[in-house]
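Chemist: Handing you this structure, nothing more for now.
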Amino acid sequence: MTGKRIKIFCDFDGTIATEDVGDLFFTTFTQGKALPAIQLWESGKIDSREMYLRGMQYLNVSKNQLNDFINARSLDTTFVPFVDFCAANDIPVSILSDGMDLYIKPILERNYLPALNVYCNELHWNGEQKLEINFPYFEHTCGRCANCKGYQIRRLRENDDFIIFVGDGYSDLCGIKEVDLIFAKDSLAAYCDREKIKYLAFENFSNILNWLKLNLTEKNTEVSMSDKADKLWQDVKKGVKDTVTYVTEKTEELTAIGRLKMDIAGIKRKTEKKYNELGRIVYDKLEKEEGLVLDADEDVKKVIEEISSFGKELKGKEKEMEEVGKKEEESTAAAEEKIEESSPETEGKKDSE
Ligand SMILES: [Mg+2]
């Protein structure tokens, strides 16, 4: 495990989203007629592509109904801080879903998470009322999934990856066979118990965030404390001066950069929310009030001031990060110089001179 890069794959429905949005979408907009197909899939009698194709026959939804449906869905509130922490520590987070982009992507965008990698099935509008379904990964099916998570992880895994999977249900069974660590809840946890598969139970993403904080000792590299101590001991034995100070300082700087990156991500998200709010206020006011002078409007002025103060805060954090980065470069160069000076080869060279 030492020195491996962590990659995290998360299920969407019931894991990132608090509900199974896909099931709810198909049961709601087929007036329950998709339910028998969902049950057949859950009992393993049909694959998920077949389940969706059967459900599509009864699907009847307008764009407005879909927007209302999407706006009513919510994410695990600890998912955003978890994503920010991962971004600050260069840990890739991808979403693997046997559900549909039609609701996953807008829900992520609404939560200011559009940059996450999403691998799922596709459902697109063809005209105002008609939806068309597409299964871009079905040719790699396991016979049970339309988008097999096991296939996706095999495809996306690189040498030295330490793969973590987070999930809650039946669509995750192929995924968990391919990973190094499973976080499971609900029916996935029950399945793991039945099959005696090792996993860590979780309730929400704050549990996974805490695990990462405990186990990540260097930037996206999982190194146990005993390994680190061993490395330090070897360096001390080699007679490298100031190693302890160098490692301690470096660890603090990495933490400082990580913290700054998280702050910056948070400010950017707050700013985007305010822009969104501003757009909505302006739109509503322009629709209702003819001849509205925008820069004299108190609500508009308030949001603009907030955006401007976030802008200043952002500049401050970016400057701080630049300074910490410079300090880190200098300390790395100085430590490397010291290591170079005290290495046996250099010492030998000096002696022979
Ligand atoms: Mg799920």
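Chemist: Which of the residues belonging to segment 162-204 are of a type in the set (Asp, Glu), within 15 Å of the ligand (Cβ to nearest atom) and assigned to a loop (DSSP other than H, G, I, E, B)?
Modeler: Here is the first cut: in segment 162-204, the ones of a type in the set (Asp, Glu) are 168, 172, 178, 180, 186, 193, 195, 203.
If we keep only those that are within 15 Å of the ligand (Cβ to nearest atom) as well, we get 168, 172, 186, 203.
Asp168, Glu203, listed by residue number.
Chemist: Cβ-Cβ distance below 8 Å, separation of 6 or more or different chains: which pairs start in segment 159-178 with a residue that is under 22 Å from Gly143 (Cα atoms) and without any contact (Cβ under 8 Å) to a residue 40 or more places away in the chain and end on one that is away from the ligand (no atom under 12 Å from the Cβ) and in a strand (DSSP E or B)?
Modeler: Hits for this filter: Ile176/Ile182; Glu178/Ile163.
Chemist: Quick one: count up the residues across segment 9-32 that are in contact (Cβ under 8 Å) with a residue 40 or more places away in the chain, among the charged types (D, E, K, R) and assigned to a helix (DSSP H, G or I).
Modeler: 0
Chemist: Residue check, Glu132 against (1) surrounded by fewer than 18 Cβ atoms within 10 Å (Cβ to Cβ); (2) touching a residue at least 24 places away in the same chain (Cβ under 8 Å); (3) in contact with a His (Cβ under 8 Å, 6 or more places away or on another chain), all met but one. Which one?
Modeler: So the condition that Glu132 fails would be (2).
Chemist: Within segment 13-31, can one find any residue that is within 22 Å of Trp125 (Cα to Cα), assigned by TED's automatic domain parsing to the domain that holds Asn147, surrounded by fewer than 16 Cβ atoms within 10 Å (Cβ to Cβ) and of a type in the set (Phe, Trp, Tyr)?
Modeler: So far as segment 13-31 goes, no, none of its residues is within 22 Å of Trp125 (Cα to Cα), assigned by TED's automatic domain parsing to the domain that holds Asn147, surrounded by fewer than 16 Cβ atoms within 10 Å (Cβ to Cβ) and of a type in the set (Phe, Trp, Tyr).
Chemist: Restricting to segment 179-214, and then to whatever is under 21 Å from Phe82 (Cα atoms) and acidic (Asp, Glu), can you tell me which residue is surrounded by the most Cβ atoms within 10 Å (Cβ to Cβ)?
Modeler: Of everything passing the filter in segment 179-214, Asp180 is surrounded by the most Cβ atoms within 10 Å (Cβ to Cβ).
Chemist: Follow-up question, since we're still on this one. Quick check, is Cys145 assigned by TED's automatic domain parsing to the domain that holds Arg54, in contact (Cβ under 8 Å) with a residue 40 or more places away in the chain, within 14 Å of the ligand (Cβ to nearest atom) and within 20 Å of Gly44 (Cα to Cα)?
Modeler: Considered against the rule, which asks whether it is assigned by TED's automatic domain parsing to the domain that holds Arg54, in contact (Cβ under 8 Å) with a residue 40 or more places away in the chain, within 14 Å of the ligand (Cβ to nearest atom) and within 20 Å of Gly44 (Cα to Cα), Cys145 comes out as yes.
Chemist: Quick check on segment 93-115: of everything there that is in a strand (DSSP E or B) and within 14 Å of the ligand (Cβ to nearest atom), which residue is surrounded by the fewest Cβ atoms within 10 Å (Cβ to Cβ)?
Modeler: Ile95
Chemist: Of (1) free of Cβ contacts under 8 Å to residues at least 24 places away in the same chain; (2) touching a Leu at 6+ places or on another chain (Cβ under 7 Å); (3) outside any helix (DSSP H, G or I), Leu59 satisfies all except one. Which?
Modeler: So Leu59 meets the others, but not (1).
Chemist: Next up: Looking at (1) closer than 30 Å to Ser206 by Cβ; (2) in contact with a Phe, Trp or Tyr (Cβ under 8 Å, 6 or more places away or on another chain); (3) not aromatic (Phe, Trp, Tyr), can you tell me which one Leu131 breaks?
Modeler: (1)
Chemist: Among the residues of segment 69-92 satisfying the criterion of being in contact with a strand residue (DSSP E or B) (Cβ under 7 Å, 6 or more places away or on another chain) and either assigned to a helix (DSSP H, G or I) or away from the ligand (no atom under 16 Å from the Cβ) (or both), which is nearest to Asn204 (Cα to Cα)?
Modeler: The qualifying residue nearest to Asn204 (Cα to Cα) is Val83.
Chemist: Additional query: Among the residues of segment 33-50, which ones are within 16 Å of the ligand (Cβ to nearest atom) and either at pLDDT 95 or above or not in a helix (DSSP H, G or I) (or both)?
Modeler: Scanning segment 33-50 gives a single hit, Ser48.
Chemist: Conditions first: (1) out of contact with any Ser or Thr (no Cβ under 8 Å at 6 or more places or on another chain); (2) in a helix (DSSP H, G or I); (3) without any contact (Cβ under 8 Å) to a residue 60 or more places away in the chain. Gly291 passes all but one, so which condition is the exception?
Modeler: (2)
The values are calculated or read from the model by the stated rules, or taken from the named source; none is laboratory data. This one's a predicted model, so the numbers in the text were calculated from it and none came from an experiment. Neighbour counts are summed over all protein chains in view; Cβ atoms, including those assigned to glycine, are modelled from backbone coordinates with ideal geometry.
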